[in-house]
Amino acid sequence: MANRAFSKCCKIRDFASLLLREFPRTSKPIKYTSTSLPFDECNSFKTASCLRQYHDGRPRGPLWRGKKLIGKEALFVISGLKRFKDDEDKLQRFIKTHVLRLLKMDMIAVLTELERQEQVSLALMMFKVMQKQDWYKPDAFLYKDLIIALARSKKMNEVLELWESMRKENLFPDSQTYTEVIRGFLNYGSPADAMNIYEDMKNSPEPPDELPFRILLKGLLPHPLLRNKVKQDFEEIFPDSSIYDPPQEIFGAR
């Protein structure tokens, strides 16, 4: 037994010395490049697990945010709606054959994704389809996201249409919705509509925030009569807050 172990050790020693003779001699230490992995586990046969373990964190390609949360049927519908949006006949046929087959959560997922992609016309159409479903119940949050998306895309006529529908369902938006719609009408050059939304905000059951007031006060600088009315309301509701009034000669008033 001892002789057999001794002979095995000799063979290992001879094999090691043979490898050292064949190994190229160099005076410089081995330096690992940025592409090499100085780990015994990651040999020339790099496995997928090894690459995942030392991934540098950069994205591997364009990713559709939230794609994993959207079902295949919903993804197919989104693609089809975008493909047929310029052809009314094909679009209506696609709605009948595919959109109406979706379940409730898939319809909501399609609506949310269309809003995210700023396909606001398709999102509005999808919302109207949802309103006709048996399971539909008035929801202020569904209105909120769609109204904000339309306002940011300067689709103010559609905002008014949706706003009236929301009020008929006895829903009140939150302060963020009021802010975005007031800003949208001011940017659209329609201060009268902005004031209508403002009056609606004052009648809301929830107390208003300062932000929509300040946006309205800034946007109404060229309209002093309307601005003074809003300013008086602001001082009554927020007595501890101050308002910056620029010099009147900036706007041509003497």
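The table that follows gives values for the structure above.
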| quantity | calculated |
| --- | --- |
| Among the candidates Glu206, Glu199, residue that is loosely packed, with under 14 Cβ neighbours inside 10 Å, in contact with a helix residue (DSSP H, G or I) (Cβ under 8 Å, 6 or more places away or on another chain) and on the phi < 0 side of the Ramachandran plot | Glu206 |
| Residue in segment 80-103 that is surrounded by fewer than 19 Cβ atoms within 10 Å (Cβ to Cβ) and closer than 17 Å to Trp163 by Cα present | no |
| Options Leu146, Leu220: the member that is outside the structural domain of Arg116 (by TED's automatic domain parsing) and over 24 Å from Phe127 (Cα atoms) | Leu220 |
| Test: residue in segment 120-135 that is part of a helix (DSSP H, G or I) and touching a Phe, Trp or Tyr at 6+ places or on another chain (Cβ under 8 Å) | yes |
| Selection within segment 167-178 - assigned to a loop (DSSP other than H, G, I, E, B) and surrounded by 15 or more Cβ atoms within 10 Å (Cβ to Cβ) | Leu171, Phe172, Pro173 |
| Residue tally, condition of a type in the set (D, E, K, R) and in a loop (DSSP other than H, G, I, E, B), over segment 196-244 | 3 |
| Test: residue in segment 217-238 that is of a type in the set (S, T, N, Q) and at pLDDT below 90 | no |
| Qualifying position, being in a helix (DSSP H, G or I), within 20 Å of Phe234 (Cβ to Cβ) and under 22 Å from the mean Cα position of the chain (by Cα), among Val181, Val159 | Val181 |
| Cβ pairs under 6 Å, 6+ apart, first in segment 122-133 and more than 12 Å from Leu100 (Cα to Cα), second part of a loop (DSSP other than H, G, I, E, B) | Leu122/Lys85 |
| Qualifying positions in segment 79-125 - under 22 Å from Ala151 (Cα atoms) and of a type in the set (Val, Ile, Thr) | Ile108, Val110, Thr112, Val120 |
| Pairs with Cβ under 6 Å, 6+ apart, first in segment 210-227 and closer than 18 Å to Asn196 by Cβ, second β-branched (Val, Ile, Thr) and surrounded by 14 or more Cβ atoms within 10 Å (Cβ to Cβ) | Pro212/Thr179; Pro212/Ile182; Ile215/Ile182; Leu216/Ile182; Leu216/Val230; Leu217/Val230 |
| From the options Met156, Met195, residue that is outside the structural domain of Arg116 (by TED's automatic domain parsing), within 20 Å of Arg227 (Cα to Cα) and of a type outside the set (D, E, K, R) | Met195 |
| Residues satisfying the stated conditions in segment 137-167, i.e. modelled with pLDDT of 90 or more and basic (Lys, Arg) | Lys137, Lys144, Arg152, Lys154, Lys155 |
| Pick from segment 240-250, criterion surrounded by fewer than 10 Cβ atoms within 10 Å (Cβ to Cβ) and farther than 13 Å from Phe213 by Cα, ranking: modelled with the lowest pLDDT | Glu249 |
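The values are calculated or read from the model by the stated rules, or taken from the named source; none is laboratory data. All figures in this text were calculated on a predicted structure; none of them were measured in a lab. Please note: Cβ atoms are built from the backbone with ideal geometry, for glycine as well, and neighbour counts cover all protein chains shown.
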